[in-house]
Amino acid sequence: MKICIIGTGYVGLVAGTCFAESGNDVICVDVDEAKIEGLKNGVIPIYEPGLKELVLRNCEEGRLSFTTDLASAVKASLVNFIAVGTPPGEDGSADLQYVLDVARTIGRNMESFKILVDKSTVPVGTADKVRAVVNEELEKRHATIEFDVVSNPEFLKEGAAIDDFMKPDRVVIGTDNVRTAEIMKELYAPFMRKTNRLIVMDIRSAEMTKYAANAMLATKISFMNQIANLCERMGADVSAVREGIGSDSRIGYDFLFPGVGYGGSCFPKDVKALVKTAEECDYEFILLKAVEEVNELQKLVLTDKINLRLGDNSLLKPLTGKTIAIWGLSFKPRTDDMREAPSVVIINRLLALGAKVCAHDPEAVKEAKKIFGENIVYSNNQYDILKGADALAIVTEWNEYRNPDFDRIKSLLRQPLIFDGRNLYQPSRMKEAGFEYLPIGRNGRHFVDI
Ligand code: UDX
């Protein structure tokens, strides 16, 4: 099948590459000339495991190409995926400017039947807006060309994007046209081997499904963060509680890890957008407002603990003279993505409290430099930054932090003190190793580590 993917961000690039991998002819389009030039030369703008190899192979085999020429790409394709950004506007609602610009260009240039697929996360009702602007353009041209608009939200996770796309739990197709549903089914058939769960529904429900899924997951995280904070105060262990509740199949174990708050390009933006959408319908989404508030507060938990333990309140900036070593900057492991990363709030707060910060991250240092500049020290060695630091604070759970050389950590830090925002270690093991260890929700007074 001939496919055009518009927008070479995370979703667009991964989707385009995976569609090419399953034998389709794919043209990826972007307005960013430098990015397209880079992609033509095998330079992948994001870090995503396995992506580079797939891009190179499919380009070499002639199924995947890159261009800035949207008009020609549209003319050559049957299915056109719109995967451009929908950044939050000032009021939190999703900004549809880029999506509608693309739709307009398609309307101006299409010469035969086209399927337009909304792949970007867009509010309920967007497909109608896309249809309206295409119709406007066709009217201007006095053209009567058939087209169809489909909502096909993407659920892939960064860091596991290829696998998620190739073996999805489900694919949601929102359409009111049987012929289009068949074409979309054909396109996704190669990825349906794991579950065969391709769910066809009406367009508005498909648009809503994406927001509801992300909002539900964000709710689970905020809920668990509050349970963890309560565990700490009550002398319970949140890890045991997670096991206890996760074993109930109605609850499940996933997405119940407490931490430093959720980040990334999706959860914060989508939760805000759904709250906003509700407002526009004169409905107050009370629960999601709380989810968001809890998440903002959770980003402060680690620094509160650091300040409580190391701060000198007689000083204007209580952490003056202290150095905190940070492990992990990206919003989650296996990505260099710093969007809405809790590390930004944590580090800025540490700096505001007067501390010096030195940080390690396996992939995100380049991105982090764009945010913190020279205000913090970076290293590509996770141990170097510990030398002379007053404490280690773990912010992102990269695999290389899971089994570190504890003796080495101890010999480098000024005191054996670890604040763990991701609960990577067993408290009993840390006690044995002579560390003062402060995880999230599991250092209660009555804690017995089994
Ligand atoms: C998310 C959705 O999972 C995906 O389906 C959607 O398409 C896009 O948004 P992503 O943003 O890549 O994907 O990351 P995800 O792995 O879901 O993690 C999001 C955030 O939640 C991270 O900051 C992570 O640290 C946090 N998180 C996740 C927790 O704090 N606890 C958990 O138990 C799980």
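With every atom except the alpha carbons ignored, what do you get for Rg and Dmax of the stretch 65-157, in angstroms?
13.2, 43
What is the packing order of peptides 308-314, 229-235, taking the mean over residues of other C-beta atoms within 10 Å and listing the highest first?
Details: 308-314: 12.7, 229-235: 16.0.
In descending order of packing, they fall as 229-235, 308-314.
Based on Cα positions only, what radius of gyration and what Dmax would you give for the stretch 24-89, in angstroms?
12.6, 40
In whole Å, what is the distance between the alpha-carbon centres of the stretch 386-447 and the stretch 267-302?
After rounding, the separation between the Cα centres reads 32 Å.
What would the Debye equation give as log₁₀ I(q)/I(0) for the stretch 2-201 at q = 0.10 Å⁻¹, counting only Cα atoms as equal point scatterers?
Log-scaled intensity ratios, in q order: -0.39.
Using Cα atoms only, what is the angle between the long axis of helix 301-310 and the major principal axis of the chain, expressed in degrees (0 to 90) to the nearest 10?
Approximately 20 degrees, to the nearest 10.
First measure r as the distance between the Cβ atoms of residue 348 and residue 53, then evaluate 1/(1 + (r/R0)^6) with R0 = 45 Å and state the FRET efficiency to the nearest 0.05.
Between residue 348 and residue 53 the formula returns 0.80.
In whole angstrom, how far apart do the alpha carbon centroids of the stretch 156-214 and the stretch 23-89 sit?
Cα centroid to Cα centroid, the span is 20 Å.
Send over the Kirkwood Rh of the chain, from the inverse of the averaged 1/r over different Cα pairs, rounded to one decimal Å.
Values: mean 1/r = 0.0420 Å⁻¹.
Final number for the Kirkwood radius of the chain is 23.8 Å.
Rounded to the nearest 500 deg cm²/dmol, what is the calculated helix-only ellipticity per residue at 222 nm for the chain, with -39500 (n - 2.57) per DSSP H run of length n ≥ 4? Can you show the working numbers first?
Details: 17 runs with 191 residues, N = 450.
Taken over the chain, the calculation gives -13000 deg cm²/dmol.
Share of antiparallel DSSP beta bridges in the chain, in percent to the nearest 5? Please report the intermediate quantities before stating the final value.
Details: 2 of 46 bridges.
Beta bridges within the chain, antiparallel portion: roughly 5 percent.
Rounded to the nearest angstrom and ordered from largest down, what semi-axes does the equivalent ellipsoid of the stretch 223-438 get from its C-alpha gyration tensor (root of 5λ)? Don't skip to the end; give the middle numbers.
Details: eigenvalues 169, 94, 59 Å².
Each semi-axis is √(5λ); the values are 29, 22, 17 Å.
Can you order the peptides 329-339, 291-301 by their average number of other Cβ atoms within 10 Å per residue, highest first?
On the way: 329-339: 22.9, 291-301: 19.4.
Highest-to-lowest ranking by the protection proxy: 329-339, 291-301.
Starting from the amide H of residue 89, placed 1.01 Å from N in the peptide plane, find each other amide H under 5 Å away whose residue is 5 or more places distant or on another chain.
Counting only residues 5 or more places away or on other chains, the set is 94, 95.
Using the structure shown, select from 114/167; 119/269; 366/410 the pairs with a Cα to Cα distance greater than 19 angstrom.
Details: 114/167 27 Å; 119/269 16 Å; 366/410 28 Å.
Result: 114/167; 366/410 exceed 19 Å.
Once you sort the root eigenvalues of the Cα gyration tensor of the stretch 120-230 as a ≥ b ≥ c, which label holds: rounded (a/c under 1.5), prolate (a/b larger than b/c) or oblate (the other case)?
Values: a/c = 2.91, a/b = 1.65, b/c = 1.76.
Cα axes put the stretch 120-230 in the oblate bin.
Pull out the extension gain between residue 145 and residue 195, defined as 0.36 nm times the separation in residues minus the alpha carbon to alpha carbon distance; nm, one decimal. Don't skip to the answer; put the middle values down first.
Numbers: separation 50, 0.36 × 50 = 18.00 nm, distance 3.61 nm.
Taking residue 145 through residue 195 to full extension adds about 14.4 nm, to one decimal.
Every number in this text was worked out from the coordinates using simple rules, so none of it is lab data. Computed from a predicted structure; not experimentally measured. Cβ: placed from backbone, ideal geometry, glycine included. Neighbour counts: every protein chain shown.
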